[in-house]
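Contents: one structure, followed by commentary.
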Amino acid sequence: MQITNLQNLVVSNLKHYFGYDSFRAQQKDIVETVLNKQDCLVIMPTGGGKSICFQLPALSFPGVTLVISPLIALMKDQVDGLNANGIKASFFNSSQSAEEQEAIMGQVVDKKLKLLYVAPESLAGLQNILKETYISCVAIDEAHCISSWGHDFRPSYQQLGFLKASLPNTPFIALTATADKATRDDILKQLQIEHAKQFISSFDRTNISLEVRPADNRVSQIVKFIRKRPNQSGIVYCLSRKATEQLAEKLANNGIKAKAYHAGLNFDERSKVQEDFIFDKTQIVCATVAFGMGIDKSNVRWVVHYNMPKNIEGYYQEIGRAGRDGLKSHALLFHSYADVIQLRNFANGTSNEEVQVAKIERMKQFAEATTCRRKILLSYFGELLAENCGNCDVCKNPPQFFDGTIIAQKALSAIYRLKETEAVGMVIDVLRGSHNAAVLDKGYTQLKTFGIGKDIAWKDWQHYIIQLINQGFCEIAFHKNNALHLTEFSKKVLFEGLKVSLTKPIEVAEIKPATRER
Ligand code: ADP
Ligand code: ZN
């Protein structure tokens, strides 16, 4: 009887405070679990509706629900939103004066607050009220930040490991949009909630079509891409601040209005770009990954990655900003080897280099896939798709394999003759018999392999060599100036007649329309 009353109350609160008629998949089970004071881990894609999972139970608890959130900049908006819905909420962080902070703690003690947003580094300031008499629930948003396995590790999150000891009977709800199995396990361990019930939603965003293209002439490709999509909102993600500004300028030179956004802009400038984007005053933003965190804009129609993201979590999160309204949207990724090398360089010497490098490798495999990309993407999050998706470039335009043994032999013998000292670019120059200064300087015109690949265009050679690398017939020595090296496999091709299958380069203009809709 009591449970039913509570359930009724919860459903009426859903309507009354949030204006929703019903729960989305999983939300109901999660809310019930929290109300039963069980710990839980919620993995739900961005836009999936995680907030309700802790905001709704918070209304039914006697004490306050602490919401740990890494983004001070967004706290105010979230709290304003709740207040506007008639929910007593506040935030606690370093931007406030001591008096303000005191006042908030007073409200907690007087049980006047339902939700209190706090940055992990400000938790220490709440020490006096971290007691079960005051706190009814702890929600840890962006929980992947606690794990060095996650893509956005924040040391300040590690303090949260102590919380459970102070609040052993308080339900903890950890939420994130991005967590592979390893990160998931790590979150539970670090938060000391190993027995938490896990709710893992499907990550399949079927309305977003996926496409990867080689990064030649990126700017003109992007210009064409945008011109085909007049009046659509989109985001172009770039790796560096400078690149966002340069690209916005190049687009402007082509008559396309775009704003740059990155963490180097001051607060007002950033807010302005965000707001103009949300209210459709700016349709296109060239941004670093700083853009989009917490932006609730449903009609973003496309996301372009000018550079390759450093891992699949990041890529997935960024493309997930498209099509939140469920309408058809498009994600286009440009793939270049130069980007891979740059990402490897960034990872070089960092504390978790190995993890980062492994993640870059997975990202690269996705970009170079010759099978359904969505299958690869979802399998990364532990989700298996039974059928090919029909809504990615590989499904729409399956690569055609041909016997590439001779091509492989030519490339590998060029690498061999160059004594495994040269990177992709020079290997191709030698294959194509180019007479540029570097080639002449080094006397490469004398090599036996000089010019044996004249008949194949530069960019096609690049396409083939990347495939040879992916199939393990040669490799890039990242610590030796990115020189191409031979492998055990190379010898089989060169001396034992092993056959090599390659795919033809995809002509971007030829990509056929979808054959099957999901
Ligand atoms: P997340 O935190 O997972 O990115 P949010 O909690 O911000 O997602 O919710 C995403 C969007 O979905 C918001 O616009 C929210 O209002 C909406 N939403 C969430 N739950 C429901 C529901 N049960 N019914 C209708 N809309 C919902
Ligand atoms: Zn597919």
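What follows is calculated from the coordinates using simple rules that are stated; it is not laboratory data. Because the structure is predicted, anything quoted here is derived from the model rather than measured. FYI the Cβ positions are ideal-geometry reconstructions off the backbone, even for glycines, and counts take in every protein chain you see.
Run the reach check for Lys189 against lysines, Cα to Cα strictly under 19 Å, same-chain hits fewer than 8 apart removed. What comes back?
Lys37, Lys164, Lys181, Lys197
With a Cα-only, solvent-free Debye model of segment 198-259, what are the log10 I(q)/I(0) values at q = 0.12, 0.19, 0.25, 0.30 Å⁻¹?
So the normalised log intensities are -0.41, -0.83, -1.22, -1.46.
What percentages make up the Cα-Cα pair-distance distribution of segment 109-171 when the bins are 5 Å wide from 0?
3, 16, 28, 26, 16, 8, 3, 1
Test of understanding: what is the full-extension gain from Lys257 to Thr206, defined as 0.36 nm times their sequence separation minus their Cα-Cα distance?
Contour length minus the Cα-Cα distance gives 15.4 nm.
If you plug each phi of segment 97-110 into the Karplus form 6.51 cos²θ - 1.76 cosθ + 1.60 with θ = phi - 60°, what whole-Hz ³J(HN,Hα) values come out, in order, with x for Gly and Pro?
For segment 97-110, the Karplus curve yields 6, 4, 5, 4, 5, 4, 4, 5, 4, x, 5, 5, 4, 7 Hz.
Kindly work out what percent of the DSSP beta bridges joining two residues of the chain are antiparallel, to the nearest 5.
Around 15 percent antiparallel, to the nearest 5.
For the chain, what is the convex hull volume of its Cα atoms per residue in Å³? Each step should come with its number before you reach the end.
Numbers: hull volume 89.7 nm³, N = 518.
Roughly 173 Å³ of hull volume per residue.
For segment 325-472, count the residues as N, evaluate 2.2 N^0.38 Å, and divide the Cα radius of gyration by that value, please.
Dividing the Cα radius of gyration by 2.2 N^0.38 Å gives 1.27.
Cα axis of helix 458-470 to longest principal axis of the chain: angle in degrees, 0 to 90, nearest 10?
60
Can you pull the Kirkwood radius for segment 1-140, inverse mean 1/r over Cα pairs, to one decimal in Å? Provide the component values of the computation, followed by the final result.
Numbers: mean 1/r = 0.0643 Å⁻¹.
Value: 15.5 Å, from the Cα pair sum.
Would you mind checking the tilt of helix 241-253 against the longest principal axis of the Cα atoms of the chain, expressed as 0 to 90 degrees and rounded to 10?
So the inclination is approximately 70 degrees.
Under the rule a/c < 1.5 gives rounded, and otherwise a/b versus b/c splits prolate from oblate, where does segment 203-314 land using the Cα gyration tensor?
Numbers: a/c = 1.24, a/b = 1.10, b/c = 1.13.
Judged from the Cα gyration tensor, segment 203-314 comes out rounded (a/c under 1.5).
Taking a temperature of 10 °C and a viscosity of 1.306 mPa s, what whole-number D in µm²/s does Stokes-Einstein yield for segment 287-364 with Rh from Kirkwood over alpha carbon pairs?
118
I need Leu71, Leu113 ordered by Cβ neighbour count within 10 Å, fewest first.
Leu71, Leu113
Mind checking Rg over Rh on segment 13-67, alpha carbons, Kirkwood formula for Rh?
0.93
Among Lys76/Lys257; Lys448/Lys504; Lys410/Lys459; Lys242/Lys310; Lys359/Lys480, which pairs are too far apart, with a Cα-Cα distance over 23 Å?
On the way: Lys76/Lys257 30 Å; Lys448/Lys504 26 Å; Lys410/Lys459 16 Å; Lys242/Lys310 18 Å; Lys359/Lys480 21 Å.
Result: Lys76/Lys257; Lys448/Lys504 exceed 23 Å.
Mean shadow of segment 268-329, computed from the convex hull of its alpha carbons, in nm²?
About 4.3 nm², averaged over all directions.
Only four residue types carry charge here, +1 at the Cβ of Lys and Arg and -1 at the Cβ of Asp and Glu. Report the dipole size of segment 108-247 about the Cα centre in Debye, rounded to the nearest 20.
Charge dipole, segment 108-247, about its Cα centre: 560 debye, nearest 20.
Return, for the Cα atoms of segment 109-258, the radius of gyration and Dmax in Å, separated by a comma.
Every Cα atom of segment 109-258 included, Rg and Dmax give 21.9, 62 Å.
Please compute the Kirkwood hydrodynamic radius over segment 320-373, one decimal place, Å, based on all pairs of different Cα atoms.
13.1
Per DSSP H run of at least 4 residues, take -39500 (n - 2.57); add these up for the chain, divide by its residues and hand me the 222 nm value, nearest 500 deg cm²/dmol.
-11500 deg cm²/dmol
Exposure proxy check: His330, His195, His463, His16 ranked by fewest other beta carbons within 10 Å?
Going from sparsest to densest Cβ surroundings: His195, His16, His463, His330.
Note the angle between two axes, namely the Cα long axis of helix 181-191 and the longest principal axis of the Cα atoms of the chain, as a number of degrees from 0 to 90, rounded to the nearest 10.
30
Once the piece of chain linking Asp441 and Thr133 is laid out straight, how much longer is it, given 0.36 nm per residue of separation minus the C-alpha distance between them?
Values: separation 308, 0.36 × 308 = 110.88 nm, distance 7.77 nm.
Contour length minus the Cα-Cα distance gives 103.1 nm.
Where Rh denotes the Kirkwood radius from the mean inverse Cα pair distance, what is Rg over Rh for segment 152-191?
Here the Rg-to-Rh quotient is 0.96.
Taking DSSP loops as anything outside H, G, I, E and B, show the longest stretch in the chain free of GluC sites (Glu not before Pro) there with at most 13 other beta carbons within 10 Å. If you can, show how the numbers build up before the last one.
Working: sites that count: Glu132, Glu194, Glu387, Glu496, Glu507, Glu517.
So the longest stretch without any such site is 195-386.
Starting from the amide H of Tyr20, placed 1.01 Å from N in the peptide plane, find each other amide H under 5 Å away whose residue is 5 or more places distant or on another chain.
Those qualifying (amide H under 5 Å, at least 5 residues apart or on another chain) are Lys15.
Cα-based Rg (one decimal) and Dmax (whole number) for segment 226-377, in Å?
15.6, 44
Can you list residues from other chains, or at least 5 along the same chain, whose modelled amide H is less than 5 Å from the amide H of Phe91?
So Phe91 has HN proximity to Tyr117.
Most exposed first by the Cβ proxy, i.e. fewest other Cβ within 10 Å, how do Ile256, Ile226 rank?
Ile256, Ile226
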